[in-house]
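Beneath this line is the structure, given in structure tokens, with notes to follow.
The values are calculated or read from the model by the stated rules, or taken from the named source; none is laboratory data. Everything quoted here is computed from the prediction, not taken from an experiment. Methodologically, a virtual Cβ is constructed for each residue, glycine included, from the backbone with ideal geometry; neighbour enumeration extends over all protein chains shown. When the accessible area is computed, the model is the full protein with side chains, heavy atoms only, and any ligands, DNA or RNA have been set aside. Shrake-Rupley method; radii C 1.70, N 1.55, O 1.52, S 1.80 Å.
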Amino acid sequence: MKTKNVFMAFAMVGLLGLTSCKDAQKDAETTMDDAKKEVAVNTDEAKKEMQSTPNIVGVAVGNDNFSTLVAAVNAAELVETLSGDGPFTVFAPTNDAFAKLPEGTVANLLKPENKATLTAVLTYHVVSGKFEAAAVVDAIKSNDGAFEVATVQGGKLVASLDGDSVILTDEKGNKSKVVIADVAASNGVIHAIDTVVMPK
């Protein structure tokens, strides 16, 4: 009789152990499923965020202050380039910046026969890589107050500080101030400037 009871006790313990193992396995599977779902949700959110942030051209198109720049980018057939993966840093002249140019300059640049000149001017405002304002300021301070930047056009811009403002000096000695920094785009960053900078 005792042997039977001992056997029954072992059987119950075994059954309980089996049940608890199955429960533990179920819990582990549920936890894994939850983790997978969370990763999927986070990935979807990241994708949506990237899709909801337009590229550089999209940002410019969506801002009335850049309508002259958008017209110039179209005329130079640079839409596809600036919509690429990048990343790019664009020092984007506002409409007011283009308005400072001598009368007729913009209209002249937009003519098909001046496409090469327009392309050179626009790509002089573009730098390969993503450089947010803090990185630009750090680079200026680390280089004795003047940091030389290579543009996509091949020329150079010199970044410096005037108080808290970042100033760009072009190859002709003209100066431009960053008036809006760190406008996010999916393929880089835009800094709005108040004067068009010109290559040699």
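Note on the range 93-128 and the range 157-179: Cα centroid distance 18 Å, given to the nearest whole angstrom.
Ordering Ala134, Ala99, Pro87 by Cα displacement along the dipole of the range 63-162 toward the positive end leaves Ala99 in first place; charges were set at the Cβ atoms of Lys, Arg (+1) and Asp, Glu (-1).
Shape of the range 44-200 from its Cα gyration tensor (a ≥ b ≥ c, root eigenvalues): rounded if a/c is under 1.5, otherwise prolate when a/b > b/c, or oblate? Oblate, since a/c reaches 1.5 and b/c is not below a/b.
What's the carbon and sulfur percent of the range 132-200's accessible surface, probe 1.4 angstrom, rounded to a whole number?
Values: 1630 of 3410 Å².
Heavy-atom surface of the range 132-200 belonging to carbon and sulfur, 1.4 Å probe: 48 percent.
For Gly129, the residues whose amide H sits under 5 Å from its own are Phe88, Thr89, ignoring neighbours fewer than 5 places away on the same chain, with H placed 1.01 Å from N. Phi angles of the range 154-168 translate, via the Karplus equation with coefficients 6.51, -1.76, 1.60 and θ = phi - 60°, into HN-Hα couplings of x, x, 10, 10, 10, 9, 9, 10, 10, x, 9, 8, 8, 10, 10 Hz per residue; Gly and Pro are given as x.
Put a dot 7 Å past the Cα of Asn108, heading toward its Cβ, do the same for Val79, and the two dots end up 2.7 nm apart.
Write out the GluC sites (Glu not before Pro) in the range 73-153 meeting two conditions: DSSP loop, and at most 10 other Cβ atoms within 10 Å of their Cβ.
Working: sites: Glu77, Glu80, Glu103, Glu113, Glu132, Glu148; in loops: Glu77, Glu103, Glu132.
Taking the range 73-153 and a limit of 10 other Cβ atoms within 10 Å, the loop GluC sites (Glu not before Pro) found are Glu103.
Size descriptors for the range 145-200: radius of gyration and Dmax over Cα atoms are 11.4, 32 Å.
For the range 185-196, backbone phi angles converted through the Karplus equation (6.51, -1.76, 1.60; θ = phi - 60°) give residue-by-residue couplings of 9, 5, 10, x, 9, 10, 10, 6, 10, 8, 8, 6 Hz, Gly and Pro being listed as x. Surface calculation, 1.4 Å probe, protein heavy atoms: Leu157 sits at approximately 0 Å² accessible.
Under a 1.4 angstrom probe, counting protein chains only, how are Ser176, Ser160 ranked by accessible area, largest first?
The residues order as Ser160, Ser176, largest area first.
Averaged per residue, what accessible surface does the range 50-191 expose to a 1.4 Å probe, in Å²? List each step's numbers first, then the result.
Values: 7400 Å² over 142 residues.
Per residue, the range 50-191 has 52 Å² of solvent-accessible surface.
Phi angles across the range 54-60 convert, under the Karplus curve 6.51 cos²θ - 1.76 cosθ + 1.60 with θ = phi - 60°, into 3J(HN,Hα) values of x, 6, 4, 5, x, 5, 5 Hz, Gly and Pro given as x. Pairs spanning more than 24 Å between alpha-carbon atoms, out of Lys100/Lys130; Lys175/Lys200; Lys115/Lys177; Lys100/Lys141; Lys141/Lys175; Lys115/Lys156: Lys100/Lys130; Lys115/Lys177; Lys100/Lys141. For a test of the definition: using alpha carbon positions, the gyration tensor, and the 1.5 limit on a/c, classify the range 67-134 as rounded, prolate or oblate. Cα axes put the range 67-134 in the oblate bin.
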